[in-house]
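Enquirer: Submitted below is the structure of interest, expressed as structure tokens.
Read the figures in this text as sums done on the coordinates, not as results from a lab. A quick note: this is a predicted structure, and the numbers were derived from the prediction, not measured. Counting neighbours? That spans all protein chains shown, and the Cβs are built from the backbone with ideal geometry, glycine included.
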Amino acid sequence: MAERGADVTGIDAGEAPLEVARLHLLESGLDVHYERIMVEELASQQPGSFDAVLLNTAVAKAGDPVQMAAAFGAAVKAGRTAFLAGLMEPRDMAVPSTPVAGTPFFDLEAKR
């Protein structure tokens, strides 16, 4: 996925698999962020921050496969919601997109 331009984050609960992945990364020259973290923790720290999740054996070998799958689902839920909301129309030039352009933020807070 990184070869095709995607922002990729690789996670694992163990340091050894991450070290192997980092060695492969040096050989490939790709840009991938690796982090030692449990998926449940990542999903709570960055809810909805991922558009897709690929996994190897994380679900199959988890102590609670249903909970593990739910954690991966939580990581992509907001991405799916944003996709369903639809893309903006393409534009030839930049145009202000808010009716309050130029209004100081403190004026906006007072009107809420």
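Enquirer: Contact order normalised by length for the stretch 2-83, with contacts defined as Cα pairs under 8 Å and 6 or more residues apart; what percent is it? Walk me through the numbers on the way to the answer.
Expert: Numbers: 84 pairs, mean separation 23.6, N = 82.
Relative contact order here is 29 percent.
Enquirer: Another question, if that's okay. Which residues' amide hydrogens lie under 5 Å from the amide hydrogen of Gly10, considering only partners 5 or more residues apart or on another chain, with H built in the peptide plane?
Expert: Residues meeting the criterion, in which the H sits 1.01 Å from N, are His33, Tyr34, Glu35.
Enquirer: Taking the mean number of other Cβ atoms within 10 Å as a proxy for protection, how do you rank 44-50, 84-90 from highest to lowest? Display every interim value, and only then the final one.
Expert: Numbers: 44-50: 13.3, 84-90: 6.6.
With the highest mean Cβ count within 10 Å placed first, the list reads 44-50, 84-90.
Enquirer: Can you run phi through the Karplus equation (6.51, -1.76, 1.60; θ = phi - 60°) for the stretch 61-76 and list ³J(HN,Hα) in whole Hz, with x for Gly and Pro?
Expert: Going residue by residue, I get 9, 5, x, 10, x, 5, 5, 5, 4, 5, 5, 5, x, 5, 5, 10 Hz, with x marking Gly and Pro.
Enquirer: Then there's this: Give me the net charge for the shell around Ala69: Cβ to Cβ below 14 angstrom, other residues only, Lys and Arg +1, Asp and Glu -1. Kindly include the intermediate steps, with their values, before the conclusion.
Expert: Details: positive: Lys61, Lys77; negative: Glu40, Asp64.
Result for the local shell: 0.
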